[in-house]
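A short write-up of the structure that comes next.
Just so it is clear, none of the values below were taken in a lab; they were calculated from the coordinates. Quick caveat: nothing in here was measured; it's all calculated off a predicted structure. A quick note on method: Cβ atoms are made from the backbone with ideal geometry, for glycine too, and the neighbour counts reach across all protein chains shown.
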Amino acid sequence: MNAIAPAARLPRLEAKGQVAFRGVLVSEWTKLRSVRSTKWSLAVGFLLTIAFPIIFAFATSSHWGTMSPQDRAGRHPLEIALAGVNVAQLAIAVLGVLLISAEYSTGSIRSTFTAVPRRLPVLWAKVIDYAVVSFVLTVPAVVISFFATQAILARHDILQISFTHSGVTRSVFGGALYVMLVGIFALGLGAIVRNTAGGIATFAGIFFVLPPLMNVLPLSWNNAISQYLPLEAGSQLFTLHHGAHTLTPLAGGLVLAAYCAAAIAIAAVLLVRRDV
């Protein structure tokens, strides 16, 4: 009977010098742009941010004459323009998890930490690179989506809204900020779980399973708790009108940012303490 070999551990090398953080940033950027899944995920996120609102706008415009007053009241032009944000966030979140979990699954994380023994600069570089890429990619997507849907809805005056209208510019750019924060949160989960399927499942549970479960609570509890969940709090960044039991855009953005900070902080602690 053969003995089971102990799991391989990455030796912690003595740091003889400091690796320039700029070099780590460039290295992580090279990995980010050279992986095929990155290009596909970012392309899907970009296209979904534009495609869903355009489809929604065409459907609304073509059926406007036969829609009931209740249905018409539920079709706000800004909500139509930003409908793709809720869909694109999944593609961005999946990529955020993959950015670090894929390195663990392939074992390439060993080479990364051999080159950067202090480890934490790798995490900071991944966060910065991905935050910049996701935000820069999403901003033009939401702007294009806004003006494209307004052009499609041009024959319905009630569905026209100016980009300079109070709260509209904030909501449009807030959508891009929301997607960026979702990506950072997912990256943190990927670093904590170190498994692609586990990271994606955890993200889906927090964002898409937990909110509906709040409905089993008494209404007063639901109203008090739900507004602080990541999805509900973060969505206030791109919501024009706010209900009685929702946070303000600033407060909601800060709550989502706090979730991101907590996820990255936990990932940083585990990154230093764990053996690869």
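Which trypsin sites (Lys or Arg not before Pro) does region 87-184 hold that lie in a coil by DSSP with at most 10 other beta carbons within 10 Å?
Arg155
Any chance you could run the full-extension gain for Ile158 through Ile144? It's 0.36 nm times the residue separation minus the Cα-Cα distance, nm to one decimal. Mind dumping the intermediate values first?
Details: separation 14, 0.36 × 14 = 5.04 nm, distance 2.04 nm.
That works out to 3.0 nm of additional length.
Work out, step by step, the length gained on full extension between His241 and Ala262: first 0.36 nm times the residue separation, then minus their alpha carbon distance; give nm to one decimal. Can you show the working numbers first?
Numbers: separation 21, 0.36 × 21 = 7.56 nm, distance 2.84 nm.
Computed gain between His241 and Ala262 is 4.7 nm.
Nearest 500 deg cm²/dmol is fine: what mean residue ellipticity at 222 nm does the chain get from its DSSP H runs of n ≥ 4 alone, each adding -39,500 (n - 2.57), divided by its residue count? Write out the running numbers ahead of the final one.
Details: 13 runs with 194 residues, N = 276.
Helix-only estimate at 222 nm: -23000 deg cm²/dmol.
Over region 50-148, what is the mean sequence separation of C-alpha contacts under 8 Å (at least six apart), divided by residue count, expressed as relative contact order in percent? Please list the in-between numbers first.
Details: 40 pairs, mean separation 45.2, N = 99.
The value is 46 percent.
Using 1/(1 + (r/R0)^6) with R0 = 30 angstrom and r between the beta carbons of Leu120 and Ala204, what's the FRET efficiency to the nearest 0.05?
Values: r = 28 Å, r/R0 = 0.92.
Working from the Cβ atoms, E equals 0.60.
Among the complete DSSP H segments of the chain, which ones combine at least 30 Å of alpha-carbon extent along their axis with a mean Kyte-Doolittle hydropathy of -1.0 or more?
Values: long enough: 36-63 (40 Å, 0.99); 83-106 (35 Å, 1.46); 120-152 (48 Å, 1.72); 168-193 (37 Å, 1.88); 249-273 (36 Å, 2.04).
Those that pass (Cα extent of 30 Å or more, hydropathy at least -1.0) are 36-63, 83-106, 120-152, 168-193, 249-273.
With a/c under 1.5 counting as rounded, go ahead and sort the chain into rounded, prolate or oblate using the C-alpha gyration tensor (a ≥ b ≥ c being the square roots of the eigenvalues; past the cut-off, prolate if a/b is larger than b/c, else oblate).
The shape class here is prolate.
Let a ≥ b ≥ c be the square roots of the eigenvalues of the Cα gyration tensor of region 71-210; is it rounded (a/c under 1.5), or, if not, prolate (a/b larger than b/c) or oblate? If you can, show how the numbers build up before the last one.
Values: a/c = 3.65, a/b = 2.36, b/c = 1.54.
Prolate, since a/c reaches 1.5 and a/b exceeds b/c.
Between region 80-143 and region 203-218, what's the alpha-carbon centroid distance in Å?
Region 80-143 and region 203-218 have Cα centres separated by 25 Å.
How charged is the neighbourhood of Leu247? Take every other residue with its Cβ under 15 Å from the Cβ of Leu247, and add Lys/Arg as +1 and Asp/Glu as -1. List each step's numbers first, then the result.
Values: positive: Arg170; negative: Glu232.
Local net charge: 0.
At a Förster radius of 51 Å, what calculated FRET efficiency corresponds to the Cβ-Cβ distance of Phe21 and Ala59, to the nearest 0.05? All intermediate terms of the calculation are to be shown ahead of the outcome.
On the way: r = 48 Å, r/R0 = 0.95.
The computed FRET efficiency comes out at 0.60.
Using a 10 Å cut-off around each Cβ, can you sort Arg33, Arg273 from fewest to most neighbouring Cβ atoms? List each step's numbers first, then the result.
On the way: Arg33 12, Arg273 7.
So the residues, fewest neighbours to most, are Arg273, Arg33.
If packing is taken as the mean number of other Cβ atoms within 10 Å per residue, what is the order of 175-184, 127-136, highest first?
175-184, 127-136
Given Cα pairs under 8 Å that are at least 6 residues apart, what percent is the relative contact order of the chain? All intermediate terms of the calculation are to be shown ahead of the outcome.
Working: 348 pairs, mean separation 64.8, N = 276.
After rounding, I find 23 percent.
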